[in-house]
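To start, the structure under review is shown below, and the notes come after it.
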Amino acid sequence: MDLAMFQAIARALPHAIVVCTASGRVVAANPATSRTVDTLRPEAELADLVLDPADLHRRMAQWARSGSPLPGVMTVRDSAGGPVRLRCHGARATWWKGPEPAIQLHLSRLDVSDRFVALSQRVSLLNQQMAYRHAIAQQRDQLLRTEQRARARMQRLYRLTAALAAAATLTDVCDAVYKCAPQALDASDVTLELHPRRIVPSLGPADTLPVTTAPWVDLDRLHTAPVSAPEYDAEQRLPLQTEGVTLGTLVIHYAPGAEEDAEHTVAIGQQIAQAVRRAGLFEHEHRLAERLQRSLLPNLPPVEGLDIAGGYAPGTQLVDVGGDWYDVHILDDETVGLTIGDIAGHGIAEATAMAQTTTVLRSIARRSGTRPPTVLADLNDFLGTYHHGLMATACYAAYDRRTRTLRYSRAGHPPPLLIDADGSSRYLEGALAPPLGPVPFTDYPQAETSIPTGATLVFYTDGLIERRGQSLDVGLAQLLQTARSTTGLDAEGICSLLLHQQPDTEMPDDRALLAVHFPSAG
């Protein structure tokens, strides 16, 4: 109840009702009050009207402490200066919201038959009901705020859980933690301190784990620079443990006044630790597959008069070894065989087929290497006979250093890219036939072109031009655009540029590349 409601209720009552402050200043009075004593009106001071101020002061103190009406008698002067004796019942006005306590008085003349006590009891009951409703409303508001906070916290936890579930690499996990963990923990900031060697098992004595650009503090390095951070009100260091191994520490920085929930924090720490562990295993398998793939690729022989380099890069989402290959075959004093290919799929079977294919291809090249159609036909027979069900794309070319003539055939493979010395480029799109394996006894056509001085010929697998959600034509156009930046680069530089032409773009498949630079005539 507020003052307006009190006035509305008291206006119709036949007995005088006055609300005054604990110091005796009249705040409100109903119309019956002026009929009882005409001097009792708002802003009047009771101490100036009563005949015994000391007695009034004592009774006001009693009424201010009581939640139930206490009886009393006081004598008040009317406007003519005459005394008016009043029966009164007073109690603290519990509904009052003013800056100081208030007292509610029920008054009647002693010479009037009063039903004062009954009225006071009804008003007191009304006050109790209003106080109860107010308490219920406050409790409901508190429960609503608590439920809203819990729902918001749960939504932030869901976002962190979803981000961690989608994270594949350690960098992905760290990015998810830095983005979502502060909100989930009601913290200002977090820092991840990790032990990479505990997370990613070593591949051997020569193994290296590059972490110089990773968004975490590497606890395995003795001279890691400390991460600078602003001053915070509180800091908590939560060990990240899984299967009895401490993988690192989550450092939580809380702002002043923030509330910590130990159980909630530990649960989040366990989720992060499990995500770090999964990412470490993924990283290990990914690097193991990459090392195995690289071990299957050849060491290219030096070729007089040519600058040749090969390169390989794993896909961003692959943990299985692939079937990409490239090779160089010295056929005679004048002719060099160049080949690149890709066994479809990823796994041990594909890697085995790739290793056997490159071995067989070297034997075929020694016998028929100057005739590209024959090389692909023999390779097609081998795959169809010994690796039934597998499919491969390939491109084989024979280059005559004396005439600077390139003869080539393609089995479902992307066209080689010929880059002139001025950076202009074009695709060698001739001599295309079906892939190796599915179609037996295929006749492979041959195309021929002359190689200008200073040009570079680039063979590549389809992973170099594949982009998620884009056609191969887009990738081919982007490769042409990048080729303009190769002017002045040697074969190794061109390999590095093209393999990592778009570091911010996901390349789901692995990619191999063979670059041959023709620096001079002959």
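Among residues of the range 459-468 being of a type outside the set (D, E, K, R) and outside any loop (DSSP other than H, G, I, E, B), the one that is nearest to HIS517 (Cα to Cα) is PHE459. Return yes or no: is ALA411 outside any loop (DSSP other than H, G, I, E, B), in contact with a strand residue (DSSP E or B) (Cβ under 9 Å, 6 or more places away or on another chain) and small (Gly, Ala, Ser)? The answer is yes for ALA411.
Within the range 14-46, work out how many residues are in a helix (DSSP H, G or I) and either at pLDDT below 90 or closer than 16 Å to VAL84 by Cβ (or both).
Within the range 14-46, the first condition is being in a helix (DSSP H, G or I), and the residues that meet it are 31-36, 46.
Adding the requirement that they be either at pLDDT below 90 or closer than 16 Å to VAL84 by Cβ (or both) leaves 32-36, 46.
Residues that pass the stated criteria total 6.
Taking first residues from the range 31-52 that are more than 14 Å from MET74 (Cβ to Cβ) and partners that are hydroxyl-bearing (Ser, Thr, Tyr) and not in a helix (DSSP H, G or I), the Cβ contacts under 9 Å between residues at least 6 apart in sequence or on separate chains come to ASP38/SER79.
In the range 89-98, what residues are in contact with an Asp or Glu (Cβ under 8 Å, 6 or more places away or on another chain) and surrounded by 14 or more Cβ atoms within 10 Å (Cβ to Cβ)?
The one that is in contact with an Asp or Glu (Cβ under 8 Å, 6 or more places away or on another chain) and surrounded by 14 or more Cβ atoms within 10 Å (Cβ to Cβ): TRP95.
Please work out if THR453 is surrounded by fewer than 17 Cβ atoms within 10 Å (Cβ to Cβ) and without any contact (Cβ under 8 Å) to a residue 12 or more places away in the chain. For THR453, the condition - surrounded by fewer than 17 Cβ atoms within 10 Å (Cβ to Cβ) and without any contact (Cβ under 8 Å) to a residue 12 or more places away in the chain - is not met. When we screen LEU436, LEU390 for residues that are farther than 23 Å from THR482 by Cα, within 42 Å of the chain's Cα centre (by Cα) and either crowded, with 19+ Cβ neighbours inside 10 Å or aliphatic (A, V, I, L, M) (or both), the only hit is LEU390. Considering (1) assigned by TED's automatic domain parsing to the domain that holds GLU263; (2) touching a helix residue (DSSP H, G or I) at 6+ places or on another chain (Cβ under 7 Å), the lone condition that TYR178 does not fulfil carries the number (2). Selection over the range 48-88 of residues that are part of a strand (DSSP E or B) and either out of contact with any Leu (no Cβ under 6 Å at 6 or more places or on another chain) or surrounded by 13 or more Cβ atoms within 10 Å (Cβ to Cβ) (or both) gives a count of 14. Using the structure shown, decide if VAL18 is of a type in the set (A, V, I, L, M, F, W, C), assigned by TED's automatic domain parsing to the domain that holds SER124 and either touching a residue at least 60 places away in the same chain (Cβ under 8 Å) or on the phi > 0 side of the Ramachandran plot (or both). It is true that VAL18 is of a type in the set (A, V, I, L, M, F, W, C), assigned by TED's automatic domain parsing to the domain that holds SER124 and either touching a residue at least 60 places away in the same chain (Cβ under 8 Å) or on the phi > 0 side of the Ramachandran plot (or both).
Could you tell me whether the range 6-14 includes any residue that is free of Cβ contacts under 8 Å to residues at least 24 places away in the same chain, touching a strand residue (DSSP E or B) at 6+ places or on another chain (Cβ under 8 Å), surrounded by fewer than 20 Cβ atoms within 10 Å (Cβ to Cβ) and assigned by TED's automatic domain parsing to the domain that holds GLN128?
yes
Of all residues in the range 167-181, those that are surrounded by fewer than 20 Cβ atoms within 10 Å (Cβ to Cβ) have Cβ atoms under 7 Å from Cβ atoms of residues that are outside any loop (DSSP other than H, G, I, E, B), 6 or more apart or on another chain, in ALA168/ALA279; ALA168/PHE282; THR169/ALA279; THR169/PHE282; THR169/GLU283; ASP172/ALA279; TYR178/VAL190; LYS179/ALA163. Against the conditions (1) surrounded by fewer than 20 Cβ atoms within 10 Å (Cβ to Cβ); (2) modelled with pLDDT of 90 or more; (3) outside the structural domain of ILE494 (by TED's automatic domain parsing), ILE272 satisfies every one except (1). Residues that are assigned to a strand (DSSP E or B) and farther than 19 Å from SER368 by Cα within the range 434-458 comprise THR449, SER450, THR456, LEU457, VAL458, listed in sequence order.
Within this structure, THR358 fails the test of being out of contact with any Ser or Thr (no Cβ under 8 Å at 6 or more places or on another chain), assigned to a strand (DSSP E or B) and in contact (Cβ under 8 Å) with a residue 12 or more places away in the chain. Answer yes or no: is there a residue in the range 35-54 that is of a type in the set (Asp, Glu) and over 17 Å from CYS20 (Cβ atoms). Within the range 35-54, none of the residues are of a type in the set (Asp, Glu) and over 17 Å from CYS20 (Cβ atoms).
Scan the range 406-453 for residues that are of a type in the set (A, V, I, L, M) and out of contact with any Phe, Trp or Tyr (no Cβ under 7 Å at 6 or more places or on another chain) and the total you get is 6. Taken over the range 383-401, the criterion of being among the hydrophobic types (A, V, I, L, M, F, W, C) and more than 24 Å from GLY430 (Cα to Cα) is satisfied by LEU390 alone. Screening THR339, THR370, THR358, THR352 for residues that are assigned by TED's automatic domain parsing to the domain that holds LEU457 and in contact with a Pro (Cβ under 8 Å, 6 or more places away or on another chain) leaves exactly one candidate, THR358. Among residues of the range 476-496 that are within 17 Å of ARG511 (Cβ to Cβ), those with a Cβ under 9 angstrom from a residue that is of a type in the set (Gly, Ala, Ser) and in a helix (DSSP H, G or I), sequence gap 6+ or separate chain, pair up as THR486/GLY493; ILE494/ALA483. Of all residue pairs spaced 6 or more apart or on separate chains, none has beta-carbon atoms under 8 Å together with a first member in the range 141-158 that is not assigned by TED's automatic domain parsing to the domain that holds ALA176 and of a type outside the set (Phe, Trp, Tyr) and a second member that is at pLDDT 85 or above and surrounded by fewer than 12 Cβ atoms within 10 Å (Cβ to Cβ).
Taking the criterion of being in a loop (DSSP other than H, G, I, E, B) and in contact with a Ser or Thr (Cβ under 7 Å, 6 or more places away or on another chain), the residues of the range 423-433 that qualify are GLY423, LEU428, ALA431.
The values are calculated or read from the model by the stated rules, or taken from the named source; none is laboratory data. Source: prediction; values computed, not measured. Glycine gets a Cβ as well: all are built from the backbone with ideal geometry, and neighbour counts include every protein chain shown.
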